[in-house]
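S.K.: What follows is a structure written as structure tokens; I'll ask about it next.
The values are calculated or read from the model by the stated rules, or taken from the named source; none is laboratory data. As the structure is a prediction and not an experimental result, all values here were calculated from the model. Glycine also receives a Cβ, built like all others from the backbone with ideal geometry; neighbour counts cover every protein chain displayed. Note: areas computed on protein heavy atoms with side chains; ligands, DNA, RNA excluded. Shrake-Rupley method; radii C 1.70, N 1.55, O 1.52, S 1.80 Å.
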Amino acid sequence: MMKNCPKCPSLMENYRYACQSLACSRAGIPVEESLAETDAAEQKGPRPDPGCPECGEVMTLHICPDCGFEVEAEEMRRGFMSVSLIGNAGSGKSNYLAVLVDQLRGEMCKVYDCTLYPTGGDRTMNYYEREYRRPLYEQGVCVTATQQEDLNPLTYTLLFEGQGGRPGRGVGLAFYDSCGEKLETQQEMAAMSRRLLGSGGILLLLDPSQLPAIREARKAKKLPVLPSDAQALLLRTIHIIRAGLASGEVEKKIDIPIAVCLTKLDTLYPHLDPASFVGAPSRNLRKPMLNKADISSCNLEVMALLESWGGGEFVRHVRGQFSNYCFFGLSSLGCEPGSKNEVDRISPHRVLDPMLWLLWQSKILQAG
């Protein structure tokens, strides 16, 4: 796992310490490096956590020198697998993240014998509860789309106990829900450069109405469609990553894993073959092991569907620019929301598949 700040994400080699004692007048305030030095600095191995110069309490809180994000010592030692969610406004990123976290701590943890717990104290726990879970699961309405770019990521630790991953080992996860309205131009996306470059994986969400054939079919029925262009977003993403890598070698493919997710699959069921793989329940929750045959079948099917619906050029850009990619079809809600964004019943379909694939790519999960 990379030792990046999950928010900006800068390499946290020059992190600053801060006291976490609520009784201390210096709680949460970064300590100058000279004051944080200890007599044990010459010892071999990792630098020990120093004491607070004010109260003497051992400081285990680390502060990112660039953005000020707080990271606990254990998170710092473990590192994060940072996952960037990108997609045009209306593609369903916020709803997807709400259901993904719920499915991770529910279905995945049950099958893969692991636990998912929020790190950073109330920061993640309260934010997810207030902005994601409560609206969707208690109030029965869609999650409000992200409106700003300076939000803190949701951070978790996935701890395995059984055979699903690495028994007794934990992996830090950081999810960043980007603002779709801020992805409409190259200049607006520039702020995402470091975050994309530091990602352990990209989840790119593609709304069906962004495909020409589906778009026309929905227009004919006077159903809503997204005005934005998914291919333009993909090309901007590629440019941002390549500019950050500064390699200049266009022939060299990007090695950041990308999961392209065709969302709102429930709206496409009438267009799917009765023997569709992607329309069938996922086989990746039958036992604690990623089913490579199921993933491969869905990947090929979704690529073929995109081609037939006018998204062939989009597929070719993904294949030509990324060395590690996979296509998925999923439905976060299992139904179209009502006119007031109300959701009567949540029936997720294959929501976990892209994340399970990314965990496998990071050698966290086993596959067979």
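S.K.: Checking residue 346 against (1) under 17 Å from residue 237 (Cβ atoms); (2) of a type in the set (Val, Ile, Thr); (3) open to solvent by 30 Å² or more (accessible area, probe 1.4 Å), only one condition comes out false. Which one?
M.R.: Here residue 346 meets the rest and fails (1).
S.K.: Consider residue 267 carefully, then state whether it is in contact with a Pro (Cβ under 8 Å, 6 or more places away or on another chain), part of a helix (DSSP H, G or I) and either among the β-branched types (Val, Ile, Thr) or free of Cβ contacts under 8 Å to residues at least 60 places away in the same chain (or both).
M.R.: yes
S.K.: Continuing with the same structure: Mind checking which residues of segment 251-299 are among the polar types (S, T, N, Q) and either modelled with pLDDT under 95 or surrounded by fewer than 16 Cβ atoms within 10 Å (Cβ to Cβ) (or both)?
M.R.: Initial filter on segment 251-299 (among the polar types (S, T, N, Q)): 263, 267, 276, 282, 284, 291, 296-297, 299.
Once the filter is applied, which keeps residues that are among the polar types (S, T, N, Q) and either modelled with pLDDT under 95 or surrounded by fewer than 16 Cβ atoms within 10 Å (Cβ to Cβ) (or both), segment 251-299 yields 267, 296.
S.K.: Could I ask something else about it? Considering only residues that are among the β-branched types (Val, Ile, Thr), part of a helix (DSSP H, G or I) and in contact with a strand residue (DSSP E or B) (Cβ under 8 Å, 6 or more places away or on another chain), which ones fall in segment 217-261?
M.R.: Selection gives 237, 238, 241.
Residue-wise test of (1) touching a residue at least 24 places away in the same chain (Cβ under 8 Å); (2) open to solvent by 70 Å² or more (accessible area, probe 1.4 Å); (3) within 21 Å of residue 337 (Cα to Cα).
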position	(1), (2), (3)
50	yes, no, no
76	yes, no, no
90	yes, no, yes
122	no, yes, no
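S.K.: Being at pLDDT below 85 and among the acidic types (Asp, Glu) narrows it down to one residue among 57, 72; which is it?
M.R.: 72
S.K.: Which one of these does residue 303 not meet: (1) out of contact with any strand residue (DSSP E or B) (no Cβ under 6 Å at 6 or more places or on another chain); (2) assigned to a helix (DSSP H, G or I); (3) surrounded by 16 or more Cβ atoms within 10 Å (Cβ to Cβ)?
M.R.: The number of the failed condition is (1).
Conditions (1) modelled with pLDDT of 85 or more; (2) open to solvent by 40 Å² or more (accessible area, probe 1.4 Å); (3) over 22 Å from the mean Cα position of the chain (by Cα); (4) under 25 Å from residue 244 (Cα atoms), marked per residue:
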site: 10; (1), (2), (3), (4): no, no, no, yes
site: 39; (1), (2), (3), (4): no, yes, yes, no
site: 66; (1), (2), (3), (4): no, yes, no, yes
site: 82; (1), (2), (3), (4): yes, no, no, yes
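S.K.: Still on this structure, please answer the following. Return the pairs, sorted by first residue and then second, in which the second residue is among the β-branched types (Val, Ile, Thr) and assigned to a helix (DSSP H, G or I), the first residue lies in segment 212-232 and is at negative phi, the beta carbons are less than 7 Å apart, and the residues are 6+ apart or on different chains.
M.R.: Pairs found: none.
S.K.: Which residue pairs have Cβ atoms closer than 9 Å, lie 6 or more positions apart in sequence or on different chains, and pair a first residue in segment 270-282 that is within 11 Å of residue 297 (Cα to Cα) and assigned to a loop (DSSP other than H, G, I, E, B) with a second residue that is at pLDDT 95 or above and open to solvent by 100 Å² or more (accessible area, probe 1.4 Å)?
M.R.: Going by the 9 Å Cβ cut-off, the qualifying pairs are 277/300.
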